[in-house]
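A short reminder: the numbers here are calculations on the coordinates, not readings from a lab. Quantities reported herein were computed from a predicted structural model and do not represent experimental measurements. Every residue, glycine among them, receives a Cβ derived from its backbone with ideal geometry; neighbour counts consider all protein chains shown.
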Amino acid sequence: MDMRATILDKASELLSGSTSGDISTRAVCDAAGTSQPVLYRLFGDKEGLLSAVVDHVWDQYLSMKRTADRSGDPLDDLYRGWDSHVAFALDHPHAYRLLFGTSLSVPAEAGQEAMRLLQDNLERLAAQGRLTVAPEDAAKIVMAANSGIALSLLLRSDQYPEKQISTTMRDTVYRSLLVDAEVNREEQAPVIAATTIRSALAQPATEALFTRSEAALLSDWLKRIQDRRNSG
């Protein structure tokens, strides 16, 4: 194992066992058997180290999501994704707080990949005509709500002693984004159609039908339908 990997492993262990959620570079160097100049050469500064540690810890979670078999129903995957996100936060509170509860000067890459994986799943729902909001907007809403409830459970456990609140939040958010069979289908039809077609524009089979400028114009028109419906 090279020194960078050793430092990340030791720093992750120290962060996990920390009572304050902080670690010192000196303690990391002692644990890794190296010097601070070596650490700074590899990571730049302490925030660079913390950013790399967050990516290192989150990579364990994201690697499971990357390799997980997709079910036949993207909605099932969406529900499992929310629950596994919260479970990971509770199992790795310090790394989670660093990613979603602080502003590191060196941004961790894990957050961007988590968003991309979420949006990919929402694209599948949109392609099936089951999403009433553009996938890119839905991803922001879901991630904000998912990370918000996870942070609340971590940082305000006295106010949120029941983990069931996460399920309640999840179901409420998803109901606002997904096609509701109990609502008049005619009311939902325009935005469902616009969302589904916009999603199809990015598919290889559809790309050949339009020039880039034509696809951009059509996407803009469809987004106007989405925005008008969702704002009204």
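Here are the numbers for this structure:
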| read-out | value |
| --- | --- |
| Computed helical MRE - 222 nm, the chain, DSSP H runs ≥ 4 contributing -39500 (n - 2.57), nearest 500 | -24000 deg cm²/dmol |
| Whole-number D in µm² s⁻¹ for the range 1-44, Kirkwood Cα-pair radius fed into Stokes-Einstein, 20 °C, 1.002 mPa s | 207 |
| Given charges at beta-carbon only (K, R positive; D, E negative), |dipole| of the range 1-44 in Debye | 140 |
| Selected from Pro37, Leu154, Val86, residue furthest toward positive end of dipole (the chain; charges at beta carbon) | Pro37 |
| Alpha-carbon centroids, the range 46-97 and the range 99-139: separation in whole Å | 12 |
| Total charge dipole magnitude, the chain, about the Cα centre, Cβ charges on Lys, Arg, Asp, Glu only, Debye to nearest 20 | 300 |
| Amide H contacts under 5 Å for Leu178, placed H, 5+ residues apart | Thr132 |
| Cα shape, the range 89-194, gyration tensor, a/c 1.5 rule | oblate |
| Full-extension gain in nm, Gln203 to Glu47, via 0.36 nm per residue minus C-alpha separation | 52.2 nm |
| Long-range Cα-Cα pairs in the chain (distance over 33 Å), rounded percent | 32 |
